[in-house]
1. Across the stretch 76-82, in residue order, what do the Karplus-derived ³J(HN,Hα) couplings come to in whole Hz, using 6.51 cos²θ - 1.76 cosθ + 1.60 with θ = phi - 60° and x for Gly and Pro?
2. So which of 79/133; 79/143; 91/143; 29/79; 29/143 end up more than 24 Å apart, counting from Cα to Cα?
3. Which aspartates and glutamates does residue 127 reach when only Cα atoms under 16 Å apart count, and residues fewer than 8 places away in its own chain are ignored?
4. For the stretch 43-145, take N as its residue count and report Rg(C-alpha) divided by 2.2 N^0.38 Å.
5. Output ³J(HN,Hα) for the stretch 114-119: one whole-Hz value per residue in order, computed from phi by the Karplus curve 6.51 cos²θ - 1.76 cosθ + 1.60 with θ = phi - 60°, and x for Gly and Pro.
6. Which aspartates and glutamates have a Cα lying under 16 Å from the Cα of residue 107, excluding residues fewer than 8 positions away in the same chain?
7. Taking K and R as +1 and D and E as -1, what net charge do the other residues with C-beta under 12 Å from the C-beta of residue 95 add up to?
Amino acid sequence: MKSLKFTILMLFISFNIGFAQKESNDILKQEVLNAQSSRISAMIDADIDKLNELLNDDLTYAHTTGWTETKTGYLETIKSGRINYISFIPKDVEIRIYGETAVLTGKVEVNLGRTDFTIRFLEVQCKVDGTWKLTAWQSVLNKVD
């Protein structure tokens, strides 16, 4: 009888721990999505100050063409209008959390005014001083939907 009570207690504890971990993971995923959304809004608005807060200092940003920039270079690209995002709409985003690192994959519908296209992306965000920051971005043109 003691063994049965112990087993039931352990199952109850395991269920509650699992539920708490899933709930915590869901909260982290929402934080990451919020950071992504804020960054996208800042890209579209060319809000350099906000982007500066949301990009990690050691950012690597690889465009669909293979052109790669650092944080400084990317901020200058947005500031100069060399790239002018009209819209940037993520789709089918999947998020995996590894401690203070989040890996996102999915698609983005991009509109640059003169052209629009769909890309697939790999995004890495790291939590730095309590803020999720874009650390790496890699995208390729999506040839097939």
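1. 5, 4, 5, 4, 6, x, 4
2. Over 24 Å apart, Cα to Cα: 79/143; 29/79; 29/143.
3. 26, 31, 53, 57, 58, 100
4. 1.05
5. These are the phi-based 3J(HN,Hα) values: 7, 7, 9, 6, 10, 10 Hz.
6. 92, 94, 116, 123, 145
7. -3
Where a number appears in this text, it was derived from the coordinates with a stated rule and is not lab data. What you see is a predicted model, and the numbers here were worked out from it, not measured in a lab. All Cβ positions, glycine included, derive from the backbone under ideal geometry; neighbour counts span all protein chains shown.
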